[in-house]
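Trainee: Structure in structure tokens, see below.
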Amino acid sequence: MTDFYHYKAIDFAKNQITTTIATGPVVINDKKEFLLHISPSTNKYQFAGGRLTDTKSSQENVIFRPWEDMKIKVKLIQGFEPFVVVDEIVRDGQKEIMTLIHYLA
């Protein structure tokens, strides 16, 4: 199983980079409130979800991670494209490319 969390990769210029790919649902209730949780790794509020592995599709991961973290079942809302955020961060002094893929649920 490949875990795309702090994954060592190479860019098109053949530079070594570190990348993380994570997926998660954006859960909205009837009152238009968002579901957030405090991440154990960052101690900050964030959407449920987590790093992607090659054993699940991004949509399967979106459903699995909230169940794993909070025992919450989510259902994806069809007809909406995923919202993708890409950012470059520095973690432990090293540049890392973060790709976050969020689905409406």
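The numbers here are math on the coordinates, done by the rules we state, and not lab data. All of these numbers come straight from a predicted model, not from anything done at the bench. Positions of Cβ are generated from backbone atoms using ideal geometry, with glycine treated the same way; all protein chains shown enter the neighbour counts.
Trainee: Cut-off 10 angstrom, C-alpha nodes, Gaussian network model of the chain. Which of Phe80, Phe12, Phe34 fluctuates the most?
Mentor: Phe12
Trainee: Return the aspartates and glutamates within reach of Lys95: Cα separation strictly under 16 angstrom, same-chain partners fewer than 8 residues apart disregarded; answer none if there are no such residues.
Mentor: Cα-Cα hits under 16 Å: Asp11, Asp87.
Trainee: Right, another one. Taking the chain as a Gaussian network, Cα atoms linked when under 10 Å apart, which of Ala22, Ala13, Ala48 shows the biggest mean-square fluctuation?
Mentor: The residue with the greatest mean-square fluctuation here is Ala13.
Trainee: Related question: Contact order normalised by length for the chain, with contacts defined as Cα pairs under 8 Å and 6 or more residues apart; what percent is it?
Mentor: Relative contact order, the chain: 32 percent.
Trainee: Nearest 500 deg cm²/dmol is fine: what mean residue ellipticity at 222 nm does the chain get from its DSSP H runs of n ≥ 4 alone, each adding -39,500 (n - 2.57), divided by its residue count?
Mentor: Per the formula, -4000 deg cm²/dmol.
Trainee: If the elastic network links every pair of Cα atoms under 10 Å, which of Val84, Val27, Val62 fluctuates the most in the Gaussian network model of the chain?
Mentor: Comparing Val84, Val27, Val62 in the GNM, the peak value goes to Val84.
Trainee: While we're looking at this one, here's another question. For the range 56-94, list residues with backbone N below 18 Å from a point placed 7 Å from the Cα of Thr2 toward its Cβ?
Mentor: Those under the cut-off are 56-61.
Trainee: State the label only: which of [x] 121; [y] 106; [z] 92 corresponds to volume of the Cα convex hull per residue in Å³ computed from the shown model?
Mentor: [x]
Trainee: If I fit a long axis through the Cα atoms of helix 58-70 and take the longest principal axis of the Cα atoms of the chain, what angle between them do I get, 0 to 90°, rounded to 10?
Mentor: The two axes meet at around 70 degrees.
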